[in-house]
Structures are given as C-alpha cells and as structure tokens.
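Written out below as structure tokens is the structure these notes cover.
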Amino acid sequence: MSTPTLIGIAAFRGRYTARLIQFGEDPEVLVPLLRRIWTDTFGRDTDAMAAALLARNWWSLAINPKPRRWDRQPPVPGLGYPAVTGNNTIRQGSLREDLDGFDEWMYLLRIDQRLLVVYEATVHGRWLRHSVHHLDPVEDLFVTAPTLDEGGPEMTVCTVCGAVDEIDHVEVPSMAGYGYDTAMSCARCGSSVATDPMFGDHLVRKPWPPQQPATGDATGSAR
C-alpha cells in the first residue's frame, strides 16, 4: 500500500526542503534504514546524504536495491528506486502549513546536529512532531538534545523509540538510608532506568517496535 512520505532537510523557523517517497514507511521501518544508508552508503557524511536524497523524487528507499525489469530507470546503489512519474519538482514548505495532499509522514534531517526529526500528518491537516532520532545511536537510554526551535528549551529524548519529552521521573528517599532512589521511564515504549545509591543503575530497553504476543492458537497449530 502506498504511504506518501516526504524526506528532506530542516531550515530556519520551521521551513523545510523535501522530496517525495511514493512508497514510504513508518518510523519503525524507515529510521533504521536511513541510519544504515547514512553509515553504509555515505560513510556518515550527512551533507552528502541530504544532497542525494534531494536530487530526485523516490519510489522507495533501499540499502541494496536490485534492478527490476519493469523499472524505467536503474536503481541508485545504496539508496533506492527513483520515481519516474508525476511532478518531479522539489518541495519547499513550512511546518505550519495546511496539508492539502495525501502525505502521511515527513522525515527532516538536521544536518548540523545529526538528528532525524519525524513528523506525522494529523486529522486536523497539520504536521505534528512524532519523534527525534540520533543518526548515530547513543548508549544512554535518555539524552538531552538541542532545541529544534530558536530560543526554545532543550529536549529529553528516548533513544529507543525517539519520544520527545514523554519521560516520567520519580525521586524518593532511598531505602538504603541515604541518598535518593530515582526512576525514569518512557511513556511511549516503556523503557526505563532506575537508580539507587547501593546498586547503581538498572536499565531496561523494551523492544521497539513492540513485539506481537504469541496467540497460542491451537487450531492454527493443528493444521
């Protein structure tokens, strides 16, 4: 099923420049793919990756696209399948614009920060920030990232699912008799880190995207 998606770079004051991916994906699929493209295809050169993505519209992205006999253009190695139909102009817009098309997701590179910011189209015809992802994943569960808006506050980002400022924090006097026990958890994916003065940190990274539980369907297993 087609999932029209925009991909490009962020500019000042909510402006952006982007291209269309006709068959895009949701963040659980496309964020890991873009990280692989960044490392494997472009050697972590964010400027080169942005320039290549903005060179054309795309049918779909792929790290190792294979030639297909029905394609009218050859695939771009390490990047994907170029689009060959429709309007091939580059798109420039604003995050505050009214959405009058069928775009569902938008992925914007912030080149200077090596961040990938994901926006989703809402039923109200507006872009809503969905998540923020470091192109180079970090080991810490929760990190502080620079503001996306000039003069705005820094963000707390979950490095598992990319949730922004959705972190619950609890601090209570420790049962050890000194210091404090603290717990931080992501409201989106459930990953958490708990700290106490005696044993230090206990970190739990939940699977993302969430794994579907086994149904235990005896009827299906008996076929």
Sort the following peptides by mean Cβ neighbour count (other Cβ atoms within 10 Å, averaged over residues), highest first: 4-14, 132-142. 4-14, 132-142
Which residues' amide hydrogens lie under 5 Å from the amide hydrogen of residue 208, considering only partners 5 or more residues apart or on another chain, with H built in the peptide plane? none
Using only Cα atoms, locate the centre of segment 52-74 and the centre of segment 101-134, then give the distance between them in Å, rounded to an integer. 22 Å
For the chain, the Cα convex hull volume per residue in Å³ comes to 198 Å³
With all protein chains in place and a 1.4 Å probe, residue 170 shows an accessible area in Å² (nearest 10) of 80 Å²
Please list 3J(HN,Hα) in residue order for segment 90-100, calculated via the Karplus relation 6.51 cos²θ - 1.76 cosθ + 1.60 where θ = phi - 60°; whole Hz, with x for glycine and proline. 6, 10, 10, x, 9, 5, 8, 6, 7, 8, 10
Taking r as the C-beta separation of residue 11 and residue 122 and R0 as 25 Å, the FRET efficiency to the nearest 0.05 is 0.70
Here the gain from full extension of residue 44 to residue 97, 0.36 nm per residue of separation minus their alpha-carbon distance, amounts to 15.9 nm
Sort segment 65-188 into rounded, prolate or oblate with this rule: let a ≥ b ≥ c be the square roots of the eigenvalues of the Cα gyration tensor; rounded if a/c is under 1.5, and if a/c is not under 1.5, prolate when a/b is larger than b/c, oblate otherwise. prolate
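The values are calculated or read from the model by the stated rules, or taken from the named source; none is laboratory data. Here the structure is a predicted model, which is why all the values come from computation and not from measurement. Reconstructed Cβ throughout: ideal geometry from the backbone, glycine too, with neighbour counts over all protein chains shown. These accessible areas exclude ligands, DNA and RNA; they are computed on the full protein's heavy atoms, side chains included. Shrake-Rupley method; radii C 1.70, N 1.55, O 1.52, S 1.80 Å.
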